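A.B. asks: This structure is in structure tokens; I'll ask about it shortly.
The values are calculated or read from the model by the stated rules, or taken from the named source; none is laboratory data. Note that the coordinates shown come from a computational prediction; the quantities given were computed from them, not determined experimentally. Backbone-built Cβ (ideal geometry, glycine too); neighbour counts: all protein chains shown. When the accessible area is computed, the model is the full protein with side chains, heavy atoms only, and any ligands, DNA or RNA have been set aside. Shrake-Rupley method; radii C 1.70, N 1.55, O 1.52, S 1.80 Å.
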Amino acid sequence: MNIAFIVTSYWSYGEILIAVMFAKRIIKSGYHPYFFIPSNHAEILKKEKIPYTLLFHGMGKINRILFQDYVLKYKPGLVILSDFLNYNFCEEHYGLTYEDLKLFDCPIGTFDNFDWTCQKRDMDTYGFRAAKVSNVNIDKYGFKIIPCPIANPLNKACGDKYYYSLMQNVIPYMEKSKKQVQEELGIEKDRPVVLITSAMWQETYKMYPHVKSFVEATDGVFNRLLIFLSKYAQVIQVGGKKNVSLSNIRYISRLAPSMFDRYAMACDLFLTRNITSTTLAKLTLSGVPTMVLSNSLRFKKGEVIEPGFPLNPQIMKALRSMDMCYPYRMFPVGWYRFLEPMLQDNPYIDVMENAEIFDEDDVRFKIIEILKNQTVRDGFAERAKKYRDIVASLDSPAEILRHIQKKL
């Protein structure tokens, strides 16, 4: 069966990665994937030798012709969006709408990365309810293929919902080979290695005044943490804009996936402010020690700040500089309440370390424990294996497609 994958997310790497990993796993079962993608994802498809067509920015008529041409040549049995939310709002960028999917004349479905129907909830974005996004109806996009993580693998497949393990293969992360990999990469072996990443979309946020003040103050706190870490570790930042210029903070603008895996094998800690990160999922399930920094505080300028944890003078100064402080699990967008139902009782959360970014003393204590205590680091590998054992019982991508075919 021929299957069309449509990826309309330009800035984010996660959506294309989820779709490509799924596609690679179904090829051996006789399925033939074909991708429609933004131009910046072409190298990924070339490397994987999966056929694709580039979508033209702002040219809906041409993109519809490309859909029609594919249908005439390949007669696909299924269309899978990666993901429905990006497609729902891609008319501005690619001139495509929901109605254009009817050109394929076959069932459609979507990667439901956040298990939208596990509990009715709104999306909180930059501190407010995003009405336009919250009102999107996922049900019109057909069957739902739900990757774990970040979704809860303990939820049961039912109706048109299918849960599967996002990762088939993990990075061979081992303490005994870490020093050798560090030497090969030219990393100082006598210091622990902290790896951080930044995506382009995280730096193209809405420039509302309250968002600008929040991001600048939060970035300042994060950069203070990096300066602190540089005293104990070699910090390696991949992607985004350079945060801090210090000798023990190495900046790499871009890495091929295979080379990034090498850096992951060399690190003692992966630090992120985005719990939805596909990179976080890959490293966490590989047993790499990982920490997610989030924020639960919410207040407006002039209101009393009641955090439930101690605030030192520097953090208090940062908080008071904000027009508004809003919670986030995906910096700087937010998504704190939106993700909460999916993360509740989710074993994925237990695999990583979690901390409040403004609880500076706690963050520093936890990081030093990870960097200096071998027993603490070994615990990540043990918890990662337990999680992998849980998701091993889920249907494979090919089995999911066979279930879907039976219902056609």
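A.B. asks: Just wondering, is there one or more residues in segment 167-174 that are within 28 Å of Leu85 (Cα to Cα), open to solvent by 50 Å² or more (accessible area, probe 1.4 Å) and in contact with a helix residue (DSSP H, G or I) (Cβ under 7 Å, 6 or more places away or on another chain)?
C.D. replies: Checking segment 167-174: at least one residue is within 28 Å of Leu85 (Cα to Cα), open to solvent by 50 Å² or more (accessible area, probe 1.4 Å) and in contact with a helix residue (DSSP H, G or I) (Cβ under 7 Å, 6 or more places away or on another chain).
Residue-by-condition table, conditions (1) part of a loop (DSSP other than H, G, I, E, B); (2) over 24 Å from the mean Cα position of the chain (by Cα); (3) of a type outside the set (D, E, K, R):
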| site | (1), (2), (3) |
| --- | --- |
| Lys366 | no, no, no |
| Glu369 | no, yes, no |
| Val376 | no, yes, yes |
| Gly379 | no, no, yes |
| Lys385 | no, no, no |
| Ile400 | no, no, yes |
| Leu408 | yes, yes, yes |
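A.B. asks: Then there's this: Please verify whether Val333 is among the hydrophobic types (A, V, I, L, M, F, W, C), surrounded by 14 or more Cβ atoms within 10 Å (Cβ to Cβ) and at pLDDT below 95, treating the condition exactly as stated.
C.D. replies: yes
A.B. asks: Do you know which residues across segment 80-112 are modelled with pLDDT of 90 or more, in a loop (DSSP other than H, G, I, E, B) and under 20 Å from the mean Cα position of the chain (by Cα)?
C.D. replies: Ser82, Asp112
A.B. asks: Of all residues in segment 222-262 being open to solvent by less than 40 Å² (accessible area, probe 1.4 Å) and under 18 Å from the mean Cα position of the chain (by Cα), which is farthest from Phe380 (Cα to Cα)?
C.D. replies: Step by step, filter segment 222-262, then rank; the result is Gly240.
A.B. asks: If I filter segment 113-132 down to residues being of a type in the set (A, V, I, L, M, F, W, C) and closer than 25 Å to Ala157 by Cα, which single residue comes out as nearest to the chain's Cα centre (by Cα)?
C.D. replies: Phe114
A.B. asks: Just the residues that are of a type in the set (Ser, Thr, Tyr) and under 26 Å from Gly60 (Cβ atoms), please, taken from segment 21-37.
C.D. replies: Tyr34 - this is the single residue of segment 21-37 that is of a type in the set (Ser, Thr, Tyr) and under 26 Å from Gly60 (Cβ atoms).
A.B. asks: Report, by residue number, each residue of segment 297-308 that is out of contact with any helix residue (DSSP H, G or I) (no Cβ under 7 Å at 6 or more places or on another chain) and of a type outside the set (D, E, K, R).
C.D. replies: Passing the criteria: Leu297, Phe299, Gly302, Val304, Pro307, Gly308.
A.B. asks: Restrict the check to segment 120-140 and report whether at least one residue is under 18 Å from Ile16 (Cβ atoms), not in a strand (DSSP E or B) and not charged (D, E, K, R).
C.D. replies: Checking segment 120-140: not a single residue is under 18 Å from Ile16 (Cβ atoms), not in a strand (DSSP E or B) and not charged (D, E, K, R).
The rows are residues; the columns are (1) open to solvent by 30 Å² or more (accessible area, probe 1.4 Å); (2) touching a residue at least 24 places away in the same chain (Cβ under 8 Å); (3) assigned to a helix (DSSP H, G or I).
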position: Ser294; (1), (2), (3): no, yes, no
position: Glu306; (1), (2), (3): yes, no, no
position: Pro310; (1), (2), (3): yes, yes, no
position: Leu319; (1), (2), (3): no, yes, yes
position: Arg337; (1), (2), (3): yes, yes, yes
position: Met342; (1), (2), (3): no, yes, yes
position: Asp345; (1), (2), (3): yes, yes, no
position: Asp362; (1), (2), (3): yes, yes, yes
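A.B. asks: Something else: Are any of the residues in segment 280-289 in a loop (DSSP other than H, G, I, E, B) and either open to solvent by 40 Å² or more (accessible area, probe 1.4 Å) or more than 25 Å from Ala199 (Cβ to Cβ) (or both)?
C.D. replies: Within segment 280-289, none of the residues are in a loop (DSSP other than H, G, I, E, B) and either open to solvent by 40 Å² or more (accessible area, probe 1.4 Å) or more than 25 Å from Ala199 (Cβ to Cβ) (or both).
A.B. asks: Which members of segment 155-212 meet the condition of being assigned to a loop (DSSP other than H, G, I, E, B), modelled with pLDDT under 85 and touching a Ser or Thr at 6+ places or on another chain (Cβ under 8 Å)?
C.D. replies: Ala199
A.B. asks: Collect the residues in segment 116-155 that are open to solvent by 20 Å² or more (accessible area, probe 1.4 Å), out of contact with any strand residue (DSSP E or B) (no Cβ under 8 Å at 6 or more places or on another chain) and either of a type in the set (D, E, K, R) or over 16 Å from Ser82 (Cα atoms) (or both), keeping them in residue-number order.
C.D. replies: Answer for segment 116-155, where residues must be open to solvent by 20 Å² or more (accessible area, probe 1.4 Å), out of contact with any strand residue (DSSP E or B) (no Cβ under 8 Å at 6 or more places or on another chain) and either of a type in the set (D, E, K, R) or over 16 Å from Ser82 (Cα atoms) (or both): Cys118, Gln119, Lys120, Arg121, Phe128, Arg129, Ala131, Lys132, Asn135, Asp139, Lys140, Leu154.
A.B. asks: Now for a different question. Criterion first (open to solvent by 70 Å² or more (accessible area, probe 1.4 Å) and over 30 Å from Tyr328 (Cβ atoms)) does Lys407 satisfy it?
C.D. replies: In short, yes.
Residue by residue, here is whether (1) in contact with an Asp or Glu (Cβ under 6 Å, 6 or more places away or on another chain); (2) under 18 Å from Pro257 (Cα atoms); (3) buried (at least 16 other Cβ atoms within 10 Å of the Cβ) holds:
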| position | (1), (2), (3) |
| --- | --- |
| Ile6 | no, no, yes |
| Ser9 | yes, no, yes |
| Asn40 | no, yes, no |
| Lys49 | no, yes, no |
| Leu54 | no, no, yes |
| Gly60 | no, no, yes |
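A.B. asks: What pairs come up if the first residue lies in segment 235-264 and is over 18 Å from Leu280 (Cβ atoms) and in a loop (DSSP other than H, G, I, E, B), the second is open to solvent by 70 Å² or more (accessible area, probe 1.4 Å) and at pLDDT 85 or above, and their beta carbons are under 7 Å apart, counting only those six or more places apart or on different chains?
C.D. replies: Short answer, once both residue conditions are applied: Lys242/Tyr251; Val244/Ile227; Leu246/Ile227.
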